[in-house]
2 protein chains.
Amino acid sequence: MRDFLPDDVRRRQYVIGVIADVYQRYGFEPLETPAVENIETLMGKYGEEGDRLIFRILKRGEQANSGAADLALRYDLTVPLARVVAEYRAQLPKFFKRYQVQPVWRADRPQKGRFREFYQCDVDAMGSSSLVVEAELLAAAADVLEGLGFIAFAIRLNHRQVLSGLLEASGIPASQHGEALVALDKLDKVGRDGVAAELVAKGLVDGSDAAALVQLFGTDERRTNGEVLGQLRGDMKGHEAGLRAVDDLEQIVRLTAANRAGAHIRIDPSLARGLSYYTGSIFEIAVPDLAGSLGGGGRYDELVGMFLGSQVPACGISLGLERILVVMGERAMFPPALVTASADVMVTIWSANTAADALQLAGELRAEGLRVDVYPEPDKIGKQFKYADSRGIRFVTILGDDEAARGAVAVKNLSTGEQHVVPRADVATLIRKNG
Amino acid sequence: MRDFLPDDVRRRQYVIGVIADVYQRYGFEPLETPAVENIETLMGKYGEEGDRLIFRILKRGEQANSGAADLALRYDLTVPLARVVAEYRAQLPKFFKRYQVQPVWRADRPQKGRFREFYQCDVDAMGSSSLVVEAELLAAAADVLEGLGFIAFAIRLNHRQVLSGLLEASGIPASQHGEALVALDKLDKVGRDGVAAELVAKGLVDGSDAAALVQLFGTDERRTNGEVLGQLRGDMKGHEAGLRAVDDLEQIVRLTAANRAGAHIRIDPSLARGLSYYTGSIFEIAVPDLAGSLGGGGRYDELVGMFLGSQVPACGISLGLERILVVMGERAMFPPALVTASADVMVTIWSANTAADALQLAGELRAEGLRVDVYPEPDKIGKQFKYADSRGIRFVTILGDDEAARGAVAVKNLSTGEQHVVPRADVATLIRKNG
């Protein structure tokens with residue numbers, strides 16, 4: 001887990017600000033949930049591996065030494081959302097659209113670019129199974145990334161029923177789909193032959209059929225979305241749910257054609273997404289030359305039902321703040337003005353006797369909207385200048401006995417060395433004009 | 001622990017925004033630390049009661065079932081700051097001034113207005129023992145409260161060495177000061193006679209001296225700060241450290257005379273502050289008719305030394321976000337514009353065939369800076385209007401086949417009932433003009 005020093009925090013706040021601003025323009029509202037959930041709320045939602053990675057909190061009071069845990073740290077923002085939708089159903093609008101930017105915790109072994117505390121930026125629309133929801137979510141995510149300065153990125157799009165349709169059409173029973181998808185998910189890493197070998201080794205398919213099966217999920221960037229959809233339709237061999245899913249994908253492509261997402265969408269039958277709660281469309285955002293993704297999501301129409309009893313259709317996208325920050329840092333994508341000095345001007349303290357007057361001057365400059373630091377001690381004036389310079393603060397004020405007597409202030413520009421004595425009321429204007 | 005629905009989050013973000021803005025104008029920089037600290041970092045810093053209230057996190061991996069805890073949830077923002085200052089000493093400026101707004105967790109029994117997860121807004125200045133630091137911190141806190149609309153509030157000011165000076169001058173040995181202060185801290189609640197009785201019962205003072213001792217710490221709002229300081233000087237009976245502390249208080253009053261804090265400061269010898277790490281000035285912010293405080297703080301010159309070995313002087317103020325929100329809510333202090341509709345306009349969907357065009361219109365209006373919601377389904381248009389109205393959204397657009405054919409859009413103002421058909425390019429202007 002990491003500390004974020006001031007420059008880090010400014011970069012994080014900048015990215016979060018762009019994200020919140022875009023999501024608000026799409027009509028999403030902010031939600032915040034507690035860091036700590038009841039342990040039962042989380043267990044069993046993320047698969048076996050997920051359960052192991054949940055940080056558990058010891059019981060307190062009389063049971064403090066029992067070693068038992070009743071609470072746990074938030075593992076993602078989706079399960080808490082499902083709980084909130086179930087719990088506050090009556091207060092929330094029918095189509096509850098929320099964004100949420102908060103940390104989550106996973107007891108992963110720390111490794112490069114992975115942290116045990118990290119922020120997720122989630123946007124979800126509850127209550128509708130219309131594909132307009134997918135189109136809007138993808139447009140919003142694309143808008144965020146373009147707003148941050150990303151130009152070349154792909155939104156990989158697939159559908160859970162396309163995956164199961166293709167597997168069933170190939171004669172693999174539903175009970176083995178999970179295992180098959182785990183193997184197919186490695187297409188990027190181990191290539192077609194590697195995946196085929198794993199499928200055979202697991203006994204999921206005969207050696208002679210393996211290559212053909214893998215071929216169904218293969219991608220080729222030269223093919224258009226229309227071509228991929230046409231191919232999928234043929235590969236479904238009349239499988240009804242699979243064909244409906246292909247129709248869904250086609251409609252998402254049509255609905256996004258004229259929006260921000262359109263140019264980025266690439267139908268990719270190999271996309272599987274790990275989490276077990278997805279039921280329909282799934283997506284993942286990839287940037288060239290970056291292993292892994294900047295975000296992903298999909299439709300999960302049955303998760304709220306685990307808390308509420310009745311189903312509430314839902315779809316969402318989660319952006320990974322930490323990866324976005326890493327890529328933006330490596331590619332120097334932050335606005336140059338962002339990492340700024342902590343103040344526009346530093347007020348120096350001439351002597352213990354004039355300290356109160358210096359503080360009053362600081363207050364006057366702040367009232368004019370300037371960010372004003374005050375050197376806390378009546379050190380030698382040269383030492384005070386040096387400190388301001390080391391902090392990147394461009395101006396210092398000097399309010400000695402002479403200046404005070406005349407109602408004036410000396411203002412020194414540390415980057416040019418120029419110094420002017422001006423009436424006290426003009427200090428803010430001088431600094432703003434040259435700042 | 002609580003969920004914050006959209007209106008709650010907007011109010012919280014408003015207050016945090018005012019706080020961050022003021023602190024930045026005073027030259028403070030943002031810091032963020034992880035929610036989870038090593039358990040040794042926290043234990044022993046908050047007293048026995050504090051240790052009991054720390055949420056402890058179970059070990060993971062092989063030791064998962066040992067019942068042992070190695071991590072804990074952040075209990076305040078001061079101890080993590082001290083750890084950061086010790087850990088990053090070389091990277092931080094000599095006078096590190098940071099603000100931090102993050103949640104902390106305490107395993108308190110939940111009660112009215114107290115939560116197990118709550119936000120603190122801390123501002124601290126490290127590296128100087130000059131009283132300029134106190135003056136600036138108090139001005140910043142006063143500026144925040146005035147910025148939020150608080151007018152009548154008192155900054156109670158005292159000094160740890162004033163407390164110990166008065167007790168020693170009264171013949172109570174240092175070893176019993178802790179116990180005596182616990183009793184004196186109840187002056188507000190149980191009155192002078194109650195405190196005197198407790199001091200006698202504890203054997204700290206003879207019955208005949210008890211009233212005189214309590215008298216030393218008594219406050220009287222009609223007395224000026226100068227009068228209280230004069231009185232304290234006499235009561236010290238030449239106790240040197242106590243007299244130096246009175247000088248410190250006098251200087252803080254002088255330094256703040258012309259700043260934002262000046263009008264609010266009230267020297268209050270009865271203020272004790274619970275936490276054991278304070279070493280000098282202490283303060284607490286009180287609002288009339290509110291039990292408890294909106295914030296407090298003080299100087300703690302020895303805390304960083306617990307992590308670093310060498311001492312780093314430090315002083316800070318913590319504002320309690322939750323109490324500020326409660327009071328602002330009760331007194332209707334939020335700007336009326338704050339709890340706003342989730343969107344300026346809702347784009348309706350006329351039919352499945354026109355959905356893509358409606359989404360394109362939504363994109364055009366967002367590019368003009370409007371916040372745009374989209375009804376996700378081609379429901380009956382009246383039902384869509386009703387939904388927008390229930391969400392407080394003032395305008396809806398209708399893009400039927402007729403309008404689309406003419407390059408026009410119908411815009412309905414739900415609060416007046418007026419409907420205009422305008423060229424598509426003029427929709428944003430119409431909404432902005434009447435919004």
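Below is a table of values for the structure above.
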item: Residue count, region A:24-50 (criterion: within 9 Å of chain B (Cβ to nearest Cβ) and among the small types (Gly, Ala, Ser)); result: 2
item: Any pair with Cβ under 8 angstrom, 6 or more apart, that starts in region A:419-435 at a residue that is assigned by TED's automatic domain parsing to the domain that holds residue A:367 and ends at one that is among the hydroxyl-bearing types (Ser, Thr, Tyr); result: A:427/A:397
item: Extreme residue, surrounded by the most Cβ atoms within 10 Å (Cβ to Cβ), among residues of region B:386-410 that are touching a Ser or Thr at 6+ places or on another chain (Cβ under 8 Å), away from chain A (no Cβ under 14 Å) and at pLDDT 95 or above; result: B:409
item: Residue match in region A:83-93 (condition: under 30 Å from residue A:338 (Cβ atoms), of a type in the set (Phe, Trp, Tyr) and within 12 Å of chain B (Cβ to nearest Cβ)); result: no
item: Test set (1) within 11 Å of chain B (Cβ to nearest Cβ); (2) at pLDDT 95 or above; (3) crowded, with 18+ Cβ neighbours inside 10 Å - residue A:21 fails condition number; result: (3)
item: Scan of region B:287-305 for residues that are in contact with a Phe, Trp or Tyr (Cβ under 8 Å, 6 or more places away or on another chain) and within 20 Å of residue B:133 (Cα to Cα), ordered by number; result: B:296, B:297, B:298, B:299, B:300, B:302, B:303
item: Helices (runs of 4 or more DSSP H) contained in region B:181-279 and holding at least 3 residues among the acidic types (Asp, Glu); result: B:187-201, B:240-256
item: Scope region A:53-94; condition within 18 Å of residue B:36 (Cα to Cα) and charged (D, E, K, R); matching residues; result: A:56, A:59, A:60, A:70, A:74, A:76
item: Pick from region B:80-110, criterion among the aliphatic types (A, V, I, L, M) and more than 13 Å from residue B:31 (Cα to Cα), ranking: nearest to the chain's Cα centre (by Cα); result: B:104
item: Residue A:135 being part of a helix (DSSP H, G or I), in the same structural domain as residue A:19 (by TED's automatic domain parsing), touching a strand residue (DSSP E or B) at 6+ places or on another chain (Cβ under 8 Å) and not charged (D, E, K, R); result: no
item: Output for region B:126-147, where each listed residue is of a type in the set (A, V, I, L, M, F, W, C) and in contact with a Pro (Cβ under 7 Å, 6 or more places away or on another chain); result: B:132, B:133
item: Breaking point among (1) surrounded by fewer than 16 Cβ atoms within 10 Å (Cβ to Cβ); (2) within 44 Å of the chain's Cα centre (by Cα), for residue A:423; result: (2)
item: Where residue B:60 falls short, out of the listed (1) out of contact with any helix residue (DSSP H, G or I) (no Cβ under 6 Å at 6 or more places or on another chain); (2) within 7 Å of chain A (Cβ to nearest Cβ); (3) among the charged types (D, E, K, R); (4) closer than 19 Å to residue A:5 by Cα; result: (4)
item: Residue A:429 being polar (S, T, N, Q), exposed (fewer than 14 other Cβ atoms within 10 Å of the Cβ), at pLDDT 95 or above and part of a helix (DSSP H, G or I); result: yes
item: Residue check, residue B:335 loosely packed, with under 13 Cβ neighbours inside 10 Å, under 30 Å from residue B:7 (Cα atoms) and more than 14 Å from chain A (Cβ to nearest Cβ); result: yes
item: Qualifying residue in region B:218-240 (condition: within 24 Å of residue B:155 (Cβ to Cβ), touching a residue at least 60 places away in the same chain (Cβ under 8 Å) and either touching a Gly at 6+ places or on another chain (Cβ under 7 Å) or among the aromatic types (Phe, Trp, Tyr) (or both)); result: yes
item: Region A:318-332, residues that are away from every other protein chain (no Cβ under 14 Å) and out of contact with any Leu (no Cβ under 8 Å at 6 or more places or on another chain); result: A:326, A:329, A:330, A:331, A:332
item: Subset of region B:186-211 (residues that are hydrophobic (A, V, I, L, M, F, W, C) and touching a residue at least 40 places away in the same chain (Cβ under 8 Å)); result: B:187
item: Residues (more than 7 Å from chain B (Cβ to nearest Cβ) and more than 16 Å from residue A:120 (Cβ to Cβ)) located in region A:67-82; result: A:68, A:70, A:71, A:72
item: Filter result (farther than 13 Å from residue A:95 by Cα and part of a strand (DSSP E or B)) within region B:367-388; result: B:372
item: Residue in region A:150-167 that is crowded, with 23+ Cβ neighbours inside 10 Å, at the interface with another protein chain (Cβ under 10 Å from one of its Cβ atoms) and in contact (Cβ under 8 Å) with a residue 12 or more places away in the chain present; result: no
item: Boolean, residue A:195 is over 21 Å from residue A:131 (Cβ atoms) and in contact with a Phe, Trp or Tyr (Cβ under 9 Å, 6 or more places away or on another chain); result: yes
item: Strands (runs of 3 or more DSSP E) contained in region A:284-362 and holding at least 3 residues closer than 30 Å to residue B:248 by Cβ and over 24 Å from the mean Cα position of the chain (by Cα); result: A:345-347
item: Residue check for residue B:146: in contact with a Lys or Arg (Cβ under 7 Å, 6 or more places away or on another chain), touching a residue at least 12 places away in the same chain (Cβ under 8 Å) and more than 14 Å from chain A (Cβ to nearest Cβ); result: no
item: Selection within region A:159-180 - out of contact with any strand residue (DSSP E or B) (no Cβ under 6 Å at 6 or more places or on another chain) and outside any helix (DSSP H, G or I); result: A:170, A:171, A:172, A:173
item: Meets criteria (surrounded by fewer than 20 Cβ atoms within 10 Å (Cβ to Cβ) and either at the interface with chain B (Cβ under 10 Å from one of its Cβ atoms) or over 30 Å from residue A:218 (Cα atoms) (or both)) for residue A:170; result: no
item: Index of the failed condition, residue B:380 passing every other in (1) more than 21 Å from residue B:340 (Cα to Cα); (2) within 7 Å of another protein chain (Cβ to nearest Cβ); (3) of a type outside the set (Val, Ile, Thr); result: (2)
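Each row is one residue, and each column tells you yes or no for (1) modelled with pLDDT under 95; (2) touching a Lys or Arg at 6+ places or on another chain (Cβ under 7 Å).
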| site | (1), (2) |
| --- | --- |
| A:266 | no, yes |
| A:274 | yes, no |
| A:279 | yes, yes |
| A:298 | no, yes |
| A:336 | yes, no |
| A:346 | no, no |
| A:353 | yes, no |
| A:358 | no, no |
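The values are calculated or read from the model by the stated rules, or taken from the named source; none is laboratory data. A quick note: this is a predicted structure, and the numbers were derived from the prediction, not measured. Note that each Cβ is placed from the backbone with ideal geometry, even for glycine, and that neighbours are counted across all protein chains shown.
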